[in-house]
Every structure is written in C-alpha cells, then in structure tokens.
Amino acid sequence: MTELRTLKVALLGCGNVGAQVARILIDDADALAARTGARLELGGIAVRNLDAERDVDLPQELFTTDAETLVKDADLVIELMGGIEPARTLILTAMRHGACVVTGNKALLAQDGPTLYEEADKAGVQLSYEAAVAGAIPILRPIRDSLSGDRITRVLGIVNGTTNFILDQMDSTGAQFADALAEAQRLGYAEADPTADIEGYDAAAKAAILASLSFHTRFALEDVSCEGITAVSAADIAAAKEAGFVIKLLAIAEKLTDEDGKTGVSVRVHPTLLPREHPLAAVRGAFNAVFIEAENAGELMFYGQGAGGTPTASAVLGDLVSAARRIVLGGPGRTETTTGHVPALPIDAAITSYYIGLDVADQPGVLARIAQLFAEHGVSIEIMRQTIHRDADSNVESAELRIVTHRAREAALAATVEAVKRLDVINSVTSVLRVEGV
Ligand code: NAP
C-alpha cells in the first residue's frame, strides 16, 4: 500500500469544543486518514494556561502557549479559542503561511468576516466555519455545495438554543421571561451575561452568514435587523397558544422586491408566531433547526444540536476532512461565491403578517373603526377575536382584541399599528408580533 502523506494540524484552544476535537483527531486517526487520503497529525495545541485541567486526557507535550509558532508550521489550523484577538491575527498569519483554517468563531466572522474571506482568497486557502452556525447541524456546506445548482428563496432558522429553550419553557410551563431565563442559567443553557443571546445578537451574526451563503452576496451584521426576546411576555405566549401558534426567535433571510421594484434580501431576527403544525414549531428545548425554501428542491429542514463540545466538534472535523481532501487533490478549489450582488433591504420592505393584541374600550362601533383603519392602510385582517373583561371593583367593561393580519409590507403594518395607537378607543397595544408560516 502506498504511504499516505501527512498533514500537520495546529489546534488553537482546548476548551469545550477544542478538547473534543483533539480527542477525535487522536482516537479516530486511522478512520480520518482513510477518509481524507492523508494522515492528520495533531502537531500542537495552543492554550493560555498549560496547567489547566482538561475534559480529555491528552499528551502534555502537545500543549504550548506559543500559538504563533504553531500556526506558521501547519497545513491546517483549527481556531477554537473564541473572541476577536488574538484569534483574528492568528487566522490571518496561518492563511498567509498557506494553511487552510477551520473556525467556529461566529463573533469574529460577524465582526471582521470580509477581511478573513479576502485573505483566504488572496492566499488561495480554504476558510471553513460550519460550527459557527447551528453547532452540529451540517447547514453551511449543504447551502454552499449541495444546493449550489438551485436558487434559495428563503431561509428560516432557529439558530440560538438559549432563546429557544427560554421560549419553549414559557410555552410549556406558562413561566414569565425572567423565570425561564433563570431556569436556563441554572441548567447551563444560558450564560451569566445572556445579552448576546436574548437580544438576538448571536442569532443576527448567524443570520448574516446564512444570508451570505444562500444569496451569494456578503451581508454584514449591520445589514441584519435585530429584535430579541426580552419583550415577549407570558401573556403573548398564552394568547399565541390559544390561537394555535408558537413563538420562536427566527433568523430570516428572504429574497424580496421592494415597493420601487428593487430586488434584494431582507435579513432579520425577531420573535415570530408560527402555526403549531409548522415543522419549526416542533423544535423544542435548546435544539436548533434551519428551514430552507429553494426553487427546485422545495422545502428542506435541517435539525439537531446547536451547541455542546462533542456535537460542535463533529462539524469542525467535517470541515477539517473537507479542507484536507482539497489539499490532497491539489488546491482549495472554488467554495463560496459572491457574485450575487443583491442589496440588503431594510426591515420596512419585509412582507409578513402581524399578530396584534389590543386592550380596547367596550363600546359599540369600536370593531368597525379598527377594521376601517386597517383597510385605509391596505392591510387586511385574517382573524379578529374579542374577549370581554369586567373589572370587579369598578364594574367597567373592557375588551381584549386579538388580530392576525394577512401578509403585507412591514412599513404598512407598522404605520397601521401607529394609527391604531392614536385611536381614542384604544387603552393600550398589548403586543405586536410578526407571524410566519401561514
Ligand atoms: P472555551 O471552552 O472557552 O475554550 C477556549 C479555549 O481557548 C481554552 O482552552 C483557552 O485556553 C483557549 N484560549 C483562549 N484565549 C486564548 C489565548 N489568548 N491564547 C491561547 N489560548 C487561548 O470555548 P469553546 O466553548 O470551546 O468555544 C470555542 C469556539 O467555538 C468559540 O468561538 C465559540 O463561539 C465556538 N462555538 C462553541 C460552541 C459550544 O457549544 N461551546 C458551539 C458553536 C461554536 P485555557 O483553557 O488555557 O484557558
């Protein structure tokens, strides 16, 4: 049998994900060599603290604090340190020295992706980041490779496990947001500072990556309209449930034509009502899923674990084998294209339905006035339900009105809500949420 060549792998970081990657590289070395056509030799692991306890028993001589020397002498570099620096500089150094890079660092890609992609192009090396979106779920390569002969029209993703866990808790137990967040923190699903998750920033970084690959155009974080889940109340969840919906934080990227006839892509993250029979509604707990609509393939759904050391390591290893195969075949080849040149559209151009909860005075003619206002704004009502409440102390009656609209332009919907708020018969607008999948 011919001797296989050896490719040197440098691993940066040995935390939750890095330790599992090192374990698989060592334990499955023979299987990986058979699949790759080259032996993947772990040349070293860069960490901060040489004496730290590791999740996996690994040879001590592999560890170093000199990441720079390590990356200059590698064919393949796996960056799993996280954060912006020194990860960014080390990735650039690795690529300038001819190494292909695999990373799971969505924060870095969101902040400075274009610099990294450009350097990869210039150096003729592959930069892969399957682990950066939806953990273990193979989603980026299917979009980039398997669907490269099709046209994607829409992507809907549950790409943040923490917020899905919180919303699922609220849905199944009736808990308020703060209690569900505390439970997520107790179980380790949410960090001590949960801002990036609950404000939607983490999902927005992933939405930018999904949109870029799906529409062959590089979208940045600034192109993503982002709204988190902190304003979603137990009452919103209960009302949605009663109407046959579930609330999910969705990352959405869809091709649209705006009112001036300009075609672009709406990239956004916001809490969204989904019919309970929609495939994404069945995604419970901290799981992730991405639902894709393509012109020829139709509807596709990818489901699995969005985080965790071992599941995420699976995605990293897949990227590593793919990059190593290309080196064996003699070059990085063409991976991602950016010839789409479609502009990002503002949130106003999005076409969606709204769920609106209103507290209104219980007077004759109120429903007709509200319906007329919607009609004046060109927004048609699909469902309107009224529940009457009587205050036991004052004996005053008020009515709770729940409206679901047909799909309309976001700008028209927003203007309708503003006009409704000004009506003298409205006590308050209790919730405004977008609806998809109807
Ligand atoms: P982690 O547990 O915090 O581990 C980080 C590792 O990097 C540690 O071993 C640390 O060394 C090392 N490190 C940090 N700064 C360093 C520096 N300046 N020089 C040398 N080494 C340094 O992180 P993780 O959870 O494995 O995540 C790694 C990356 O994968 C992140 O970009 C994350 O966003 C991404 N990711 C993680 C998950 C997940 O489920 N955890 C899922 C998807 C993507 P010491 O151990 O010596 O401190």
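The values are calculated or read from the model by the stated rules, or taken from the named source; none is laboratory data. Every value quoted in this text rests on a predicted model; they were computed, and no experiment measured them. Cβ atoms come from the backbone with ideal geometry, glycine included; neighbour counts cover every protein chain shown. We work out accessible area using only protein heavy atoms, side chains counted, and drop any ligands, DNA or RNA first. Shrake-Rupley method; radii C 1.70, N 1.55, O 1.52, S 1.80 Å.
Residue by residue through segment 78-92, note down the ones that are more than 13 Å from the ligand (Cβ to nearest atom) and either surrounded by fewer than 18 Cβ atoms within 10 Å (Cβ to Cβ) or in contact (Cβ under 8 Å) with a residue 40 or more places away in the chain (or both).
If we filter segment 78-92 for residues that are more than 13 Å from the ligand (Cβ to nearest atom), which is where we start, we get 92.
Correct list: empty.
Here is a yes/no grid of residues against (1) within 14 Å of the ligand (Cβ to nearest atom); (2) closer than 30 Å to residue 159 by Cα; (3) open to solvent by 10 Å² or more (accessible area, probe 1.4 Å); (4) over 29 Å from the mean Cα position of the chain (by Cα):
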| residue | (1), (2), (3), (4) |
| --- | --- |
| 7 | no, no, no, yes |
| 16 | yes, yes, yes, no |
| 43 | no, no, yes, yes |
| 47 | yes, yes, yes, no |
| 64 | yes, no, yes, yes |
| 68 | yes, no, yes, yes |
- request: Please enumerate the residues belonging to segment 121-135 that are outside any loop (DSSP other than H, G, I, E, B), over 19 Å from the mean Cα position of the chain (by Cα) and surrounded by 21 or more Cβ atoms within 10 Å (Cβ to Cβ).
  value: 127
Qualifying residue in segment 18-26 (condition: assigned to a loop (DSSP other than H, G, I, E, B) and more than 11 Å from the ligand (Cβ to nearest atom)): no
query: Between residues in segment 46-75 that are in the same structural domain as residue 25 (by TED's automatic domain parsing) and under 12 Å from residue 18 (Cα atoms) and residues that are hydroxyl-bearing (Ser, Thr, Tyr) and modelled with pLDDT of 95 or more, which pairs lie under 6 Å by C-beta distance while being six or more apart or on different chains?
result: 46/64
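If you scan segment 401-430, which residues turn out to be in a strand (DSSP E or B) and either hydrophobic (A, V, I, L, M, F, W, C) or buried (at least 21 other Cβ atoms within 10 Å of the Cβ) (or both)?
In the first step, residues of segment 401-430 are kept if they are in a strand (DSSP E or B); the result is 401-405, 408-409, 426-430.
401, 403, 404, 405, 408, 426, 429, listed by residue number.
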- request: Could you grab me the full set of residues in segment 63-106 that are among the hydroxyl-bearing types (Ser, Thr, Tyr) and assigned to a loop (DSSP other than H, G, I, E, B)?
  value: 65
field: Matching residues in segment 300-324 - criterion: being open to solvent by 50 Å² or more (accessible area, probe 1.4 Å), within 15 Å of the ligand (Cβ to nearest atom) and not in a loop (DSSP other than H, G, I, E, B)
entry: 305, 310, 314
